[in-house]
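Participant: Once you've had a glance at the structure underneath, I'll fire off some questions.
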């Protein structure tokens, strides 16, 4: 069941349900163990872009192991993906080098 709300302009806005978050979780679960590019909005015009491995999924969160010397792990909720606070891009062999070049440019331009 999808809930909707009418605004004053008679536009329909769809609200997320538990089913929506379950679907996001299932989509992310398919890619456990794969390389990903993580883009996270940290607020106040701060974006982080990192490469890592999608390590595990849990009922409310997923964990990404960041490729750095400190073996950092970060976790985000599925609602972060829903609200576009976090974006995941699955790396394939074709786009791995492309993503790396793009990340270098974004890290230089975004502070």
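The values are calculated or read from the model by the stated rules, or taken from the named source; none is laboratory data. Because the structure is a prediction, the values reported are computed rather than measured. Methodologically, a virtual Cβ is constructed for each residue, glycine included, from the backbone with ideal geometry; neighbour enumeration extends over all protein chains shown.
Participant: Considering only the range 57-70, I want to know if a residue exists there that is out of contact with any strand residue (DSSP E or B) (no Cβ under 8 Å at 6 or more places or on another chain) and at pLDDT 90 or above.
Facilitator: yes
Participant: Out of all the residues in the range 18-39, is one or more part of a strand (DSSP E or B), touching a residue at least 12 places away in the same chain (Cβ under 8 Å), surrounded by fewer than 17 Cβ atoms within 10 Å (Cβ to Cβ) and within 15 Å of the chain's Cα centre (by Cα)?
Facilitator: Narrowing the range 18-39 to residues part of a strand (DSSP E or B): 35-39.
From what's left, touching a residue at least 12 places away in the same chain (Cβ under 8 Å): 35-39.
This time we only want the ones that are surrounded by fewer than 17 Cβ atoms within 10 Å (Cβ to Cβ), so: none.
Checked against the condition, which is being part of a strand (DSSP E or B), touching a residue at least 12 places away in the same chain (Cβ under 8 Å), surrounded by fewer than 17 Cβ atoms within 10 Å (Cβ to Cβ) and within 15 Å of the chain's Cα centre (by Cα), the range 18-39 yields no hits at all.
Participant: Quick check on my filter: what residues within the range 83-104 are more than 15 Å from residue 52 (Cβ to Cβ) and at pLDDT below 90? Write out each step before concluding.
Facilitator: Let us first name the residues in the range 83-104 that are more than 15 Å from residue 52 (Cβ to Cβ), namely 83-85, 92-95, 97-98, 101-102, 104.
Answer for the range 83-104, where residues must be more than 15 Å from residue 52 (Cβ to Cβ) and at pLDDT below 90: 83, 84, 92, 93, 94, 95, 97, 98, 101, 102, 104.
Participant: Please go through the range 51-93 and pick out each residue that is in contact with a helix residue (DSSP H, G or I) (Cβ under 8 Å, 6 or more places away or on another chain), in a strand (DSSP E or B) and touching a residue at least 24 places away in the same chain (Cβ under 8 Å).
Facilitator: Passing the criteria: 51, 54, 57, 62, 86, 87, 88, 89.
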